Amino acid sequence: MIEAIILDWAGTTVDYGSRAPIIAFKNAFAHYGIELSEATIRQDVGLDKMTHVRKMLQEPAIAETWEADHHDIPLATAAEKIYHQFQIEISKVLTETAQLKSGMTDLIRFADEHHIQLATTTGYTQTMLDQILPLAADQGYHPRYNITSEQTNHIGRPHADMVNLAMAKLNVTDPNHVIKVGDTINDILEGKNAGTFSIGVVDGGNLIGLSQSEFERLNIEDQDRYQAKATAILKEAGADDVVNNIADLIPLIESINDHQQEMPLLLTPGPLTTSRAVKETMLVDHGTWDDDYKELTQWVRHELVALGHASDEDYTTVLMQGSGSFGVEAALGTAVPKQDATLLIAANGAYGERMTEIADYLAIPYVVVDVPEDQTVTLSAVQTVLEQHPEITHFAMVHCETTTGILNPIETIIPVLADKGIVTIVDAMSSFGGVPIDLTALNVDYLVTSSNKCVQGVPGFSIVLAKRETLDLTQGNARSLALDLYAQYRCFEDNAGKWRFTSPTHVVYAFAKALHELNEEGGISARFRRYSTNESLLRQGMNDLGYELVIDENVQSPIITSFKYPIADFNFRAFYEYLKDRGFIIYPGKVSKCDSFRIGNIGEVSASDISRLLNLIETYTKDTLQLSVAR
């Protein structure tokens, strides 16, 4: 649900046509004998005003005029002098242009009725803003916080700092619950950089630049032409949507809220909740033979190797149609030769056990290291079995075992086995992309994940990151036509990114978008911090409500957390439906030794989402289970 709207001032909420800064800039430069065109001024409206002055002084014609007329004053000093004059000029016109734009009263009323907080960011200084605020208040406009770049170490638009500060003051942590509204390109970029919905306003804005009387004198065709041009510019800048009148935000907010309510958060280990942009990427159809698609496939393969801190010379990515289990089966069935090879499988949950099922189906000789579900696989346990079975040539284990949420220590096991010449296979299905993994440091031969996990794409293909020198030796090993990892690898390599069989084109494009979003978030380390914050908040909150962890928190992954039933006759189905009806989908338990359920912490999920979930569980625990809670 939308919790806050962060608005611009001139051209967006007051000052139809954004006239005040234009008049003040014109007069400030004219004071020093420089005539500016309105177009020159408007191209960078939205910046803080000192930055705007400096940018205009960088225009060759303006700089030359200054140096010719004021050769004794350097350009650096010129900016300070002009800015000082701008402050004088703007104070003359701010009060004349502080009338609220049409539609603002309706938006203010709607926000108040729906408990949506209002705040502002601006290119004005606090001194300038102090002239506007009482006049806006007289008209019923009382933004809760008003942020200038003076409060953000003079870092203004298009950077996200002012929006981030506004969100912090409003105590809103999820940018998906915030709308940033403005009439300039810099407003749009500010919102996009903060990760909020970024909405452009056209009528009375900078990009049309006409006064209200001038615009209303135009015929309908010319008005439409101005609006269409301004809309196109804001859309090109990245606006999620563009409205004509500020009141048009009201149905847009209702639509966003309806959309978010219709699509509950998946608190699962995958499929998981994806961003709106990832979903929208799949609305376009693509052909598998298209060169652009093949280039995108190659880019995805390269980016995945880079995420693993490896080089394309040493490692390669093989994409495989199907779920993550398809990738695990392809890796096991191709990596292990048909003769003179034995696989060691470490199993402490359902997904380790699934590898034994695959080995049974493929008639791969194997030995199992059985570990209790609530304990991690250890190097000593693996070494004990190795000593008993010198015939072992290959080793496979799960990194994050989502049966419980346990995180197995691959960093202490895999390098040791690699040094012994044993080929290693890691199922990192639920961890890669959300937990830092260094392929090179691990010296792992195969690492398997899928598109619908921590990179935050949608289901459709699995991913095998393979050491080239190991994979190159596997021709003819595969026990399956479709799941021949080596043949799939060679097709990608020999045909510029072409898949062997029909590929999930829409899913690949969505995954590419997800990779871009991962980079924008700050990479795996930043995502790991977010997931860890979610898990810590969930674990502590559930503990306060009386729900006991299945595993020790010291071996808990940030991916998914398992909780024991709080009472003997706990009705999980009723609990599940209660949360689902209120926007959250969780998972039943998989642990064989106790009754449990699981809650995921990954995907497009924030700390505020976890807090909302905990509030619901607290109500359910008190009212339905009639249990006292510590919170």
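The values are calculated or read from the model by the stated rules, or taken from the named source; none is laboratory data. Worth saying up front: this structure is predicted, and the values here are computed from it rather than measured. Note: ideal-geometry Cβ built from the backbone for every residue, glycine included; neighbour counts use all protein chains shown.
Structure notes:
- Residue selected from region 458-487 under the condition under 30 Å from Thr561 (Cβ atoms) and touching a Leu at 6+ places or on another chain (Cβ under 8 Å), by the criterion surrounded by the fewest Cβ atoms within 10 Å (Cβ to Cβ): Phe461
- Condition met for Gly11 (on the phi > 0 side of the Ramachandran plot and out of contact with any helix residue (DSSP H, G or I) (no Cβ under 8 Å at 6 or more places or on another chain)): yes
- Contacts under 6 angstrom Cβ, first residue in region 94-123 being under 21 Å from Asp187 (Cβ atoms) and modelled with pLDDT of 90 or more, partner among the small types (Gly, Ala, Ser) and not in a loop (DSSP other than H, G, I, E, B), 6 or more apart: Gly103/Ala247; Asp106/Ala247; Leu107/Ala247; Gln117/Ala4; Leu118/Ala111; Ala119/Ala166
- Considered as a group, the residues in region 376-426 that are of a type in the set (S, T, N, Q) and free of Cβ contacts under 8 Å to residues at least 40 places away in the same chain include one that is farthest from Tyr587 (Cα to Cα), and that residue is Gln388.
- Residues that are without any contact (Cβ under 8 Å) to a residue 40 or more places away in the chain, within 22 Å of Gly352 (Cβ to Cβ) and in a loop (DSSP other than H, G, I, E, B) within region 571-616 comprise Gly589, Asp595, listed in sequence order.
- Of everything in region 496-533 that is of a type outside the set (D, E, K, R), in contact (Cβ under 8 Å) with a residue 60 or more places away in the chain and outside any helix (DSSP H, G or I), the residue that is surrounded by the fewest Cβ atoms within 10 Å (Cβ to Cβ) is Thr502.
- Exactly one residue out of Ala39, Ala68, Ala24 is part of a helix (DSSP H, G or I) and under 14 Å from Tyr124 (Cα atoms): that is Ala24.
- So Glu214, is it buried (at least 20 other Cβ atoms within 10 Å of the Cβ) and touching a residue at least 12 places away in the same chain (Cβ under 8 Å): no
- Region 278-289 residues that are under 10 Å from Tyr509 (Cβ atoms), paired with ones that are surrounded by 12 or more Cβ atoms within 10 Å (Cβ to Cβ) and β-branched (Val, Ile, Thr) (beta carbon under 6 Å, 6 or more apart): His286/Thr505
- One residue alone among Ile199, Ile147, Ile179 is more than 23 Å from Asn245 (Cα to Cα) and at pLDDT 95 or above, and that residue is Ile147.
- Counting only helices (runs of 4 or more DSSP H) that sit wholly inside region 297-409, those with at least 2 residues that are out of contact with any helix residue (DSSP H, G or I) (no Cβ under 7 Å at 6 or more places or on another chain) and crowded, with 22+ Cβ neighbours inside 10 Å are 324-335, 350-362.
- Flag if Glu150 is part of a helix (DSSP H, G or I), charged (D, E, K, R) and either in contact with a Gly (Cβ under 9 Å, 6 or more places away or on another chain) or buried (at least 19 other Cβ atoms within 10 Å of the Cβ) (or both): no
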